[in-house]
Amino acid sequence: MTAFFDIPDLLPAFIAGSFSRVVGAGADPFEYDRVTAALTSLYDWTAALEHTGRVHLAAGELAEAAGHTVSAAASYRTAAAWMHCATVLPHPDRAALARAESGADRAMRRSLALLEPNAVRIEGPGFVGWLRSPAGVARPPIVVIVPGLDSSKEEFHDVADALLGRGLAVAVVDGPGQGLLAASSAPDPDYDRVVGAVLDRLATRPESEPELDHDRVGVIGLSMGGFYAAVAAARDPRVRATATVSGPTVLDWEQLPLFVTETLTQRCGSADAATEFALCLDLTPIMRTIPGPLLVIDGGRDLIPGVTNGAPLAEAAPQGEYLLVPHGDHLLGNARAEWLPATADWLAARLQETTRFTGGGP
């Protein structure tokens, strides 16, 4: 499974194509340029980015020892972003990918411990993650943040921050085949079971955890997470409002580029399992059954062979809305200001309405 790495002139194309994603996850753009300029092979990507994360981890430890809590927490969070981004390719050294994801998880734990001591580690069947609550808000609504195929709970800090700033609690998780669980599980197209397990866990909180409003639940999914979020919206009646960002409506295995097929093969465990998984990635049978408000966001420059973007989903869903940013790339990392504030506002408005959704309207 190395055909992807054998593509001629792959390194500069991958570096350029990953820029907005890695920077969006929390890396400094100038540091990204310095780190990637030193690479001579894409095989070195994982080691180089994990090393950069460990440099930030060490800086955080020095700052924490000196009593500089805010600086330490920021360095740990940056370390988590770099270590996670070390894993965003189908590198043949799966042990190295697992070490980087584990390091990212530990770094984020240290960041939250310093600045958000009320953040709660949540775990359950098929997921692990964090519950983070907005300061000074009693019984906030909940938004589950769903990562994509090779994403993790450490990637979308900006999304979590935007939602927290609008008075929403966030549950950001790794599900099957994602992040910390990538080494021990395969992706599951029936992701409604994961979202359901997260909501079940939040509903059975101990007294020490913040009280949440379980009648006002939203989901936002990014990349493959957009597919997962739409599945949860169609199948779990607790989900009142949903947003998808660069999510596929349908996949066609035969047309997918090597990066996607090799990532799927690695995450699923075999080519046969990956092909079977890809065949399940079709929202057509359920997209008209999504009862609640749905906002679908696409980038006009996000044109991946074999992937049907979100327009058919937005058109078919009874309460679907569509936001197309013409110059946006995959995940719209190059156009964040043109979708993230508006999407956070959209979710907050739907979830802060007082009328409970019953299936006939928000």
Practice item. Check whether at least one residue in the stretch 221-236 is surrounded by fewer than 22 Cβ atoms within 10 Å (Cβ to Cβ) and of a type in the set (D, E, K, R), and report yes or no. Key: yes
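Of these, 26, 17, which one is closer than 24 Å to residue 177 by Cα, touching a His at 6+ places or on another chain (Cβ under 6 Å) and open to solvent by 10 Å² or more (accessible area, probe 1.4 Å)?
26
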Check your understanding: Only one of these conditions is not met by residue 276: (1) in contact with a Ser or Thr (Cβ under 7 Å, 6 or more places away or on another chain); (2) outside any loop (DSSP other than H, G, I, E, B). Which number is it?
Key -> (1)
Point to revise | Tally, over the stretch 76-93, of residues that are free of Cβ contacts under 8 Å to residues at least 60 places away in the same chain and of a type in the set (Gly, Ala, Ser) | key: 2
Review point. Identify, please: which residue in the stretch 103-151 is buried (at least 17 other Cβ atoms within 10 Å of the Cβ), under 22 Å from residue 215 (Cα atoms) and β-branched (Val, Ile, Thr) and is, among those, farthest from the chain's Cα centre (by Cα)?
Key: 120
**Study point:** residue 54 vs. criteria at pLDDT 95 or above, open to solvent by 80 Å² or more (accessible area, probe 1.4 Å), at negative phi and basic (Lys, Arg)
**Key:** yes
Review point. Would a scan of the stretch 301-312 turn up a residue that is without any contact (Cβ under 8 Å) to a residue 40 or more places away in the chain, open to solvent by 60 Å² or more (accessible area, probe 1.4 Å) and in a loop (DSSP other than H, G, I, E, B)?
Key: yes
Review point. How many residues are of a type in the set (A, V, I, L, M, F, W, C) and touching a Ser or Thr at 6+ places or on another chain (Cβ under 7 Å) when one looks only at the stretch 28-56?
Key: 1
**Study point:** Failed condition for residue 200, given (1) within 30 Å of residue 82 (Cβ to Cβ); (2) more than 13 Å from the chain's Cα centre (by Cα)
**Key:** (1)
**Study point:** Hits in the stretch 271-308 - residues which are farther than 26 Å from residue 346 by Cα and polar (S, T, N, Q)
**Key:** 275
Review point. Out of (1) in contact (Cβ under 8 Å) with a residue 60 or more places away in the chain; (2) open to solvent by less than 30 Å² (accessible area, probe 1.4 Å), what's the single condition that is false for residue 298?
Key: (1)
Point to revise | Complete set of residues in the stretch 134-166 that are of a type in the set (Lys, Arg) and closer than 24 Å to residue 278 by Cα | key: 153
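To keep it simple, each residue is scored yes or no on (1) surrounded by fewer than 19 Cβ atoms within 10 Å (Cβ to Cβ); (2) within 24 Å of residue 157 (Cα to Cα); (3) of a type in the set (Lys, Arg); (4) modelled with pLDDT of 95 or more.
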{"residue": "252", "(1), (2), (3), (4)": "yes, no, no, yes"}
{"residue": "275", "(1), (2), (3), (4)": "yes, no, no, yes"}
{"residue": "290", "(1), (2), (3), (4)": "no, no, no, yes"}
{"residue": "329", "(1), (2), (3), (4)": "no, yes, no, yes"}
{"residue": "336", "(1), (2), (3), (4)": "yes, yes, yes, yes"}
{"residue": "342", "(1), (2), (3), (4)": "yes, yes, no, yes"}
{"residue": "351", "(1), (2), (3), (4)": "no, yes, no, yes"}
{"residue": "362", "(1), (2), (3), (4)": "yes, no, no, no"}
Point to revise | Test: residue 32 is open to solvent by 10 Å² or more (accessible area, probe 1.4 Å), modelled with pLDDT of 95 or more and of a type outside the set (D, E, K, R) | key: no
Exercise for review: Scan 195, 239, 260, 170 and give me the residue that is under 28 Å from residue 102 (Cα atoms), β-branched (Val, Ile, Thr), out of contact with any Lys or Arg (no Cβ under 6 Å at 6 or more places or on another chain) and open to solvent by less than 10 Å² (accessible area, probe 1.4 Å).
Suggested key: 195
Practice item. Sort out which residues of the stretch 221-239 are within 19 Å of residue 323 (Cα to Cα) and over 15 Å from the mean Cα position of the chain (by Cα), and write them in order of number. Key: 233
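The values are calculated or read from the model by the stated rules, or taken from the named source; none is laboratory data. Quantities reported herein were computed from a predicted structural model and do not represent experimental measurements. Every residue, glycine among them, receives a Cβ derived from its backbone with ideal geometry; neighbour counts consider all protein chains shown. Quick note on the areas: whole protein, heavy atoms, side chains included, nothing else; ligands and nucleic acids left out. Shrake-Rupley method; radii C 1.70, N 1.55, O 1.52, S 1.80 Å.
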